[in-house]
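The values are calculated or read from the model by the stated rules, or taken from the named source; none is laboratory data. Quick caveat, the model's predicted, so the values are computed rather than measured. As a convention, Cβ positions derive from the backbone with ideal geometry for all residues, glycine included, and neighbour counts pool all protein chains shown. Side chains included, ligands, DNA and RNA excluded: accessible areas come from the protein's heavy atoms. Shrake-Rupley method; radii C 1.70, N 1.55, O 1.52, S 1.80 Å.
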Amino acid sequence: PASDRLRPQRIREWVWQAVGAARHATEPLPGSLRAELRMPGTADALVASHFPSDHHQAEAARERLAFEELFLYQAALAARRGRRLESGRGPQLPPPGERVGGWLDSLPFRLTGDQARAIEEVDGDLGGPEPMQRLLMGEVGSGKTVCALYAMLRALEGGHQAALMAPTETLAEQHFRTLESLVAGESAPLALLTSATPALRRAELLTALAAGRPAIVVGTHALIEETVEFGSLAVAVVDEQHRFGVRQRTALDRKGPGSLLPHVLHMTATPI
């Protein structure tokens with residue numbers, strides 16, 4: 001940006017000197033796509049974004065460059081998703097049965113339309129061979145945890161394990177208490193694993209998880225430590241996923257049962 005020592009006129013001079021290099025810019029969009037959308041080429045858009053002949057040309061150049069950035073980002077995400085799907089399959093869970101149905105009936109409130117739709121889409125993922133990779137976004141208090149717990153109970157009903165990973169101990173403890181209240185009266189084994197977990201309790205929990213005993217475990221980064229082994233992790237929920245690095249999130253994939261990848265549900269209250 002311009003400043004007292006760097007005047008806009010000087011920046012404009014430098015742009016004039018550099019604009020000729022625009023003709024060497026790589027064109028990443030297929031010609032057929034540009035023709036269909038009536039978009040200028042990269043070189044023309046770069047020049048027009050700095051030196052447009054009118055407002056319409058400036059807007060068209062801006063839209064072209066913005067579209068290119070989003071197009072390439074989406075293509076990269078699609079490629080990464082494709083690599084994940086090629087690297088393994090997910091555990092196919094049976095349709096929801098009496099245990100999950102009874103829990104839904106026991107809730108002291110009715111699901112909202114958005115919650116019901118989210119659960120329906122999650123059901124479709126859990127019953128398929130491809131590992132779920134879904135983002136659940138909603139404001140604080142919108143009921144994301146209920147949808148996440150539904151997915152985790154589906155894992156338990158199928159004889160598997162489930163995990164919920166939060167970025168801080170405080171948040172993990174809050175989730176643990178919330179889940180306890182939501183499954184009150186249900187025979188759903190819950191456990192909390194953080195760096196503050198006593199050594200004896202930690203050893204008992206690690207032994208149970210490695211043996212594949214069905215349970216829902218809530219924790220922090222401790223869940224992805226090498227010493228933590230799951231015998232049959234079918235569903236993993238990641239809260240505030242934007243606060244975890246890519247390697248931390250993908251570390252859960254290595255916790256899946258055998259060669260299978262766990263179904264992953266990311267939760268966030270931050271618009272992505």
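Is it possible to state the helix-based mean residue ellipticity at 222 nm for the chain, with each DSSP H run of 4+ residues giving -39500 (n - 2.57), the sum divided by total residues, to the nearest 500 deg cm²/dmol? What is it?
It lands at -15000 deg cm²/dmol.
Can you bin the range 1-99 into rounded, prolate or oblate? Criterion: square roots of the alpha carbon gyration tensor eigenvalues sorted a ≥ b ≥ c, rounded for a/c under 1.5, prolate for a/b above b/c, oblate for the rest.
The shape class here is prolate.
Residues of the range 26-137: accessible area per residue at 1.4 Å, in Å²?
I get 66 Å² per residue for the range 26-137.
For the range 172-240, what class follows from the C-alpha gyration tensor (a ≥ b ≥ c being the square roots of its eigenvalues): rounded when a/c is under 1.5, otherwise prolate if a/b is larger than b/c, else oblate? Walk me through the numbers on the way to the answer.
Values: a/c = 1.43, a/b = 1.26, b/c = 1.13.
Rounded.
Go ahead and run the numbers for FRET between Ser181 and Ala75, Cβ-Cβ distance against an R0 of 41 Å, rounding to 0.05.
For Ser181 and Ala75, the calculated efficiency is 0.40.
Do any GluC sites (Glu not before Pro) in the range 113-172 lie in a loop, going by DSSP, with at most 12 other beta-carbon atoms within 10 Å of their beta carbon, and if so which?
Answer by residue number: Glu139.
Pick out, from Thr268, Gln115, His50, the residue whose Cα sits farthest towards the positive end of the charge dipole of the chain, with +1 on the Cβ of Lys and Arg and -1 on the Cβ of Asp and Glu.
Of the listed residues, the answer is His50.
Rounding to the nearest 20 debye, state how big the charge dipole of the chain is about its Cα centre with +1 on each Lys and Arg Cβ and -1 on each Asp and Glu Cβ. Don't jump to the answer; show the numbers that get you there.
Numbers: 29 positive and 32 negative charges, 141 e Å.
About 680 debye.
List the residue ranges in the chain for DSSP H helices whose C-alpha atoms run 27 angstrom or more along the long axis and whose Kyte-Doolittle average is -1.0 or above.
On the way: long enough: 55-87 (48 Å, -0.65).
Passing helices, by number: 55-87.
Hey, got the dipole for the range 134-177? About the Cα centre, +1 on K and R Cβ, -1 on D and E Cβ, debye to the nearest 20?
Numbers: 4 positive and 4 negative charges, 31 e Å.
Using only the charged Cβ atoms, the result is roughly 140 debye.
Relative contact order, percent, of the range 1-107 when contacts are C-alpha pairs under 8 Å separated by at least 6 residues?
Result for the range 1-107 is 16 percent.
Distance between the C-alpha centers of the range 49-89 and the range 142-159? Whole Å please.
So the separation of the two Cα centres works out to 35 Å.
What is the chain's relative contact order, in percent, from Cα pairs under 8 angstrom and six or more apart in sequence? All intermediate terms of the calculation are to be shown ahead of the outcome.
Values: 375 pairs, mean separation 50.3, N = 272.
About 19 percent, as a whole number.
Under a GNM of the chain (C-alpha, springs under 10 Å), which listed residue has the highest mean-square fluctuation: Ser32, Ser259, Ser181?
Ser32
Antiparallel versus total DSSP beta bridges in the chain: what percent is that, nearest 5?
0 percent
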